[in-house]
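*Asks:* Sending over a structure as structure tokens; questions will come in a sec.
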Amino acid sequence: FPTIALLSSGDLFEKTLSNIQEIKARGGPIIALCPKDRVSKLGTLADDVIEVPKTLKQLEPLIMAPILQLFSYHMTIAKGLNVDKPRNLAKSVTVE
């Protein structure tokens, strides 16, 4: 099963890179979202790389989230599932 790795330009980049190395050692395919200025450090670990523009590290989630949403949308369509009615989604309301 493929792993989608989100690599930020912050302090956790090296730790995430280490996690990717462990997954790769076990033969897992990796799709990485990585800032353009860090792609060279990723090397050949990822099977596919989606480069995101370099920006402030606080804004990176705002760039990566729509990419993940579009990926999920298109995978759902490709599998022939209904995008508007996901299966096994538990819905609950908590009242305090």
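*Asks:* Within the range 41-65, count every residue that is open to solvent by less than 100 Å² (accessible area, probe 1.4 Å) and either among the hydroxyl-bearing types (S, T, Y) or over 17 Å from A5 (Cβ atoms) (or both).
*Replies:* Going through the range 41-65 one residue at a time, the tally reaches 3.
*Asks:* Okay, moving on. Give me a count of the residues in the range 1-60 that are in contact with a strand residue (DSSP E or B) (Cβ under 7 Å, 6 or more places away or on another chain), within 24 Å of S72 (Cβ to Cβ) and among the basic types (K, R).
*Replies:* Selection size over the range 1-60: 2.
*Asks:* For the range 48-70, give me each residue that is farther than 12 Å from K36 by Cα and outside any helix (DSSP H, G or I).
*Replies:* Scanning the range 48-70 gives D48, L56, K57, Q58, L59.
*Asks:* Moving on. Only one of these conditions is not met by C34: (1) open to solvent by less than 100 Å² (accessible area, probe 1.4 Å); (2) outside any strand (DSSP E or B). Which number is it?
*Replies:* Here C34 meets the rest and fails (2).
*Asks:* Quick one: which residue in S8, S40 is assigned to a helix (DSSP H, G or I) and among the small types (G, A, S)? Spell out how you get there, then give the answer.
*Replies:* Details: S8 fails: assigned to a helix (DSSP H, G or I).
Unique residue meeting the criteria: S40.
*Asks:* Hey, another quick one. Does the range 56-76 hold any residues that are touching a residue at least 60 places away in the same chain (Cβ under 8 Å) and not aromatic (F, W, Y), and which are they? Before the answer, list the steps.
*Replies:* Filtering the range 56-76 for residues touching a residue at least 60 places away in the same chain (Cβ under 8 Å) gives 68, 71.
Result: L68, single match.
The values are calculated or read from the model by the stated rules, or taken from the named source; none is laboratory data. In this text, all values refer to a predicted model and were calculated from it rather than measured experimentally. Here the Cβ is made from the backbone with ideal geometry for all residues, glycine too, and neighbour counts use every protein chain on show. Remember, those area values only see protein heavy atoms, side chains included, never the ligands or the DNA or RNA. Shrake-Rupley method; radii C 1.70, N 1.55, O 1.52, S 1.80 Å.
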